[in-house]
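What follows is a set of notes on a single structure, which appears directly below.
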Amino acid sequence: MATQEGARASAMTQMVTKELLVALQYTPDDKLDWVPMGVAKTPRAIFVECAGGNRWLAAELRGESNAAAVFEGIKADDYPTREALAEFVESSQAELLAAIDALSEDQLDEKRQVFWGEETLRDLVWMGMMHTGYHVGQLNYIQTLWGDAEMHFA
């Protein structure tokens, strides 16, 4: 049963993930592996990073000792199709939401050592939404670079 904080974080995570999937829908096939300015991440790499981040975060919330290894083993090439990318995003979101839902109110104040320092689970339940939202903004900007100036929303 989700805490109030977890329920709010889950709802916002679902909302921003919808926007990520809309960005995928409006990314042309020939732009999935496009490298803006020759050095930026490709849209495919961004979609995979969002999903991989969800998987890592779920492992952190569950208290798994090897949470960082979850993210390290994920490669963009493992998701060669639009359908594979969408499925990875959706399944990683489901995993993250289940991990958030499993937390009790008392657990929210537990701390985890993550790669940037120490965080409470209360803060980490919001990290998926914040991370994905950041990358949705990148994808929206990349979209303008290939000439699509439309605003696409779920």
Over all directions, how big on average is the projection of the convex hull of the alpha-carbon atoms in the chain, in square nanometres?
9.0
The range 52-107, dipole about Cα centre (Lys/Arg Cβ +1, Asp/Glu Cβ -1), debye to the nearest 20
160
HN-Hα J in Hz across the range 64-69 - Karplus 6.51, -1.76, 1.60, θ = phi - 60°, x for Gly and Pro
6, 5, 10, 4, 4, 5
Once normalised by the length of the range 6-154, the mean sequence separation of its alpha carbon contacts under 8 Å that are 6 or more apart gives a contact order in percent of 37
Starting at the first residue of the range 77-90, write each ³J(HN,Hα) from the Karplus equation 6.51 cos²θ - 1.76 cosθ + 1.60 with θ = phi - 60°, in whole Hz, x for Gly and Pro.
5, 6, 10, x, 10, 4, 5, 5, 5, 4, 5, 5, 4, 5
If amide H atoms are modeled at 1.01 Å from N in the peptide plane, then the residues at a separation of 5 or more from VAL114, or on another chain, having amide H under 5 Å from its own are GLU119
Long-range amide H partners of ASP148 with built H, under 5 Å:
none
Hey, what D do you get for the range 23-79 in µm²/s if you plug the Kirkwood alpha-carbon radius into Stokes-Einstein at 10 °C and 1.306 mPa s?
127
Taking the chain and counting helices only, DSSP H stretches of n ≥ 4 at -39,500 (n - 2.57) each over all residues, the nearest-500 ellipticity at 222 nm comes to -19500 deg cm²/dmol
HN-Hα J couplings of the range 47-60 from phi, Karplus 6.51/-1.76/1.60, θ = phi - 60°, integer Hz, Gly and Pro as x?
4, 5, 5, 4, 5, x, x, 4, 5, 4, 4, 4, 5, 4
Cut-off is 10 Å between beta-carbons; in what order do SER91, SER10 appear when sorted fewest neighbours first?
SER91, SER10
Springs between alpha-carbon atoms under 10 Å, Gaussian network over the chain: tell me which of MET129, MET37, MET15 tops the mean-square fluctuations.
MET37
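Each value in this text was obtained by applying a stated rule to the coordinates, not by laboratory testing. Quick caveat: nothing in here was measured; it's all calculated off a predicted structure. In this analysis, Cβ positions are derived from the backbone assuming ideal geometry, glycine residues included, and neighbour counts consider all displayed protein chains.
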